[in-house]
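Taking it in order: structure first as structure tokens, then the write-up.
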Amino acid sequence: HPFDYELDVAASFAESVGLEPVYVWVDEHEDLIPALIEGRGDLIAANLTVTPERRRQITFSVPVGHVREQIIVRAEDESIQSPADLEGRQDPEIELVAAPEDMDTEEILYGVATGEFDVSAADDNLAVEVLAYQPGLRVAFDLGEERETAWGLRASTPRLLEAVDRFVQRRNLGARRPTRYPDDIDGIRERKVLRVLTRNSASTYFVWRGELVGFEYDLARRFAELIGARLEIIVAPNRAALLTWLRQGRGDIVAAGLTVTEERAAQDIVFSRPYNYAIETVVARTADSTLHEPRDLAGRTVVVRRSSAYWNTLTRLQDMGIEFELAPAPEELETEEIIDRVAGGEYDLTVADSHILGRHPRCDDFE
């Protein structure tokens with residue numbers, strides 16, 4: 001997350017000059033600059049965009065990043081594709097409504113997804129984080145030119161500014177980086193970033209009580225520490241995109257509970273040593289006691305993602321002469337979500353790896 005990233009880097013700066021980082025939180029975003037001017041903090045590290053208005057109040061470091069504002073709308077809203085499409089959105093012209101200052105951008109975007117708000121704007125580095133777990137949103141178009149983000153300081157602290165600038169330049173934080181790297185571990189160590197492709201699910205990566213957790217996340221974090229790199233999690237829009245994005249160089253590894261299959265190995269993908277073993281298991285509701293062996297699937301409907309290893313397994317069962325309907329689930333659904341739909345009666349049957357089934361919170365609702 002952009003804010004977490006800046007806090008980590010600010011802590012690294014403090015340690016580099018022999019100081020202890022102390023975080024000072026303010027209630028509202030508009031309180032950041034007044035709090036700095038009052039002396040409540042020494043610098044602002046909050047994904048702060050450099051603007052002429054802000055430059056008149058405080059001093060900025062050399063850039064620590066670059067962002068581009070984007071217009072965000074609901075995914076199903078296809079009526080907005082360009083700035084001209086905003087005209088008449090609120091009759092008789094565009095209505096600009098100020099959100100409460102204590103509401104952060106993520107909360108505003110959630111309001112767009114739920115229909116509370118019509119359209120909003122966000123920096124692209126934050127938008128990509130929110131869209132990773134909020135599939136009900138999409139980027140309509142870029143708004144304006146790319147702008148710099150930097151740390152804010154009081155004009156009365158020139159020596160601190162000098163130290164910050166040296167640190168930022170030494171770490172090359174403000175450099176524009178390509179989004180795709182095809183390099184090996186030497187390149188990863190050089191840029192000091194390990195990009196891990198994954199999905200949000202109970203068995204991989206999720207937020208629990210404000211903390212990032214998950215089996216795959218923990219493994220990736222330990223590996224990143226081992227090679228001296230910062231972990232960057234990239235959540236693909238669906239599981240079908242994981243290997244595609246890996247081949248395109250958008251990530252360095254995939255850590256998402258992937259099972260090793262011949263079909264995947266044929267996609268110019270290599271696998272690590274196994275760290276877990278799973279059995280593909282047919283999932284039904286508890287009241288359904290008719291399933292004991294594969295042939296009992298006859299006449300039933302099994303719902304799985306087409307991109308999953310389950311699809312290939314079930315296709316082979318059909319080739320063996322077992323007549324059942326194989327229905328594709330939406331690619332953006334995780335296996336846990338498909339299981340929920342089976343438990344709720346929306347789907348007839350599905351298939352899940354045994355370790356996923358064992359972690360599912362509704363395990364009493366199905367077998």
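Does segment 32-50 hold any residues that are of a type outside the set (A, V, I, L, M), within 25 Å of residue 107 (Cα to Cα) and either free of Cβ contacts under 8 Å to residues at least 12 places away in the same chain or touching a helix residue (DSSP H, G or I) at 6+ places or on another chain (Cβ under 7 Å) (or both), and which are they?
Those that are of a type outside the set (A, V, I, L, M), within 25 Å of residue 107 (Cα to Cα) and either free of Cβ contacts under 8 Å to residues at least 12 places away in the same chain or touching a helix residue (DSSP H, G or I) at 6+ places or on another chain (Cβ under 7 Å) (or both): 34, 47.
Could you identify the single residue in 257, 228, 251 that is surrounded by 14 or more Cβ atoms within 10 Å (Cβ to Cβ) and over 16 Å from the mean Cα position of the chain (by Cα)?
After applying the criteria, what remains is 257.
Any idea which residue in segment 187-222 is nearest to residue 253 (Cα to Cα), counting only those that are assigned to a loop (DSSP other than H, G, I, E, B), free of Cβ contacts under 8 Å to residues at least 24 places away in the same chain and open to solvent by 60 Å² or more (accessible area, probe 1.4 Å)?
Restricting to residues being assigned to a loop (DSSP other than H, G, I, E, B), free of Cβ contacts under 8 Å to residues at least 24 places away in the same chain and open to solvent by 60 Å² or more (accessible area, probe 1.4 Å), the top hit is 210.
Given the conditions (1) touching a Leu at 6+ places or on another chain (Cβ under 6 Å); (2) farther than 15 Å from residue 219 by Cβ, and given that residue 254 satisfies all but one, which numbered condition is not satisfied?
Of everything listed in (1) touching a Leu at 6+ places or on another chain (Cβ under 6 Å); (2) farther than 15 Å from residue 219 by Cβ, residue 254 misses just condition (2).
Which condition number in (1) among the charged types (D, E, K, R); (2) over 21 Å from the mean Cα position of the chain (by Cα); (3) in a strand (DSSP E or B) is the one that residue 183 fails?
The number of the failed condition is (3).
Looking at (1) of a type outside the set (Gly, Ala, Ser); (2) in contact with a helix residue (DSSP H, G or I) (Cβ under 8 Å, 6 or more places away or on another chain); (3) at pLDDT below 90, which is the one condition that is false for residue 304?
Among (1) of a type outside the set (Gly, Ala, Ser); (2) in contact with a helix residue (DSSP H, G or I) (Cβ under 8 Å, 6 or more places away or on another chain); (3) at pLDDT below 90, the lone unmet condition for residue 304 is (3).
From the list 290, 301, 286, 281, pick out the single residue that is open to solvent by 50 Å² or more (accessible area, probe 1.4 Å), within 19 Å of residue 340 (Cα to Cα) and more than 22 Å from the chain's Cα centre (by Cα).
The match here is 286.
Going residue by residue through segment 27-37, is there one that turns out to be assigned to a loop (DSSP other than H, G, I, E, B) and open to solvent by 30 Å² or more (accessible area, probe 1.4 Å)?
yes
Out of all the residues in segment 268-288, is one or more at pLDDT below 90, assigned to a loop (DSSP other than H, G, I, E, B) and at positive phi?
Yes, segment 268-288 has at least one match.
Table: residues versus (1) at pLDDT below 85; (2) surrounded by fewer than 11 Cβ atoms within 10 Å (Cβ to Cβ); (3) not in a loop (DSSP other than H, G, I, E, B).
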residue: 89; (1), (2), (3): yes, no, no
residue: 94; (1), (2), (3): yes, no, no
residue: 109; (1), (2), (3): no, no, yes
residue: 116; (1), (2), (3): no, yes, no
residue: 122; (1), (2), (3): no, no, yes
residue: 128; (1), (2), (3): yes, no, yes
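Taking segment 331-360 only, how many residues are open to solvent by 50 Å² or more (accessible area, probe 1.4 Å) and within 23 Å of the chain's Cα centre (by Cα)?
4
Does segment 8-26 hold any residues that are closer than 20 Å to residue 170 by Cα and either of a type in the set (Ser, Thr, Tyr) or surrounded by 15 or more Cβ atoms within 10 Å (Cβ to Cβ) (or both), and which are they?
The answer is 9, 10, 11, 12, 13, 14, 16.
Residues 67, 62: which one is open to solvent by less than 60 Å² (accessible area, probe 1.4 Å), within 19 Å of residue 146 (Cα to Cα), in contact with a helix residue (DSSP H, G or I) (Cβ under 6 Å, 6 or more places away or on another chain) and at pLDDT below 90?
Answer to the check: 67.
When you look at residue 22, is it free of Cβ contacts under 8 Å to residues at least 60 places away in the same chain and of a type in the set (Val, Ile, Thr), yes or no?
Yes: the conditions hold for residue 22.
The values are calculated or read from the model by the stated rules, or taken from the named source; none is laboratory data. On a predicted model such as this, the values are computed, not experimentally measured, just so you know. So basically every Cβ, Gly included, is an ideal-geometry build from the backbone, and we count neighbours across all protein chains shown. Side chains included, ligands, DNA and RNA excluded: accessible areas come from the protein's heavy atoms. Shrake-Rupley method; radii C 1.70, N 1.55, O 1.52, S 1.80 Å.
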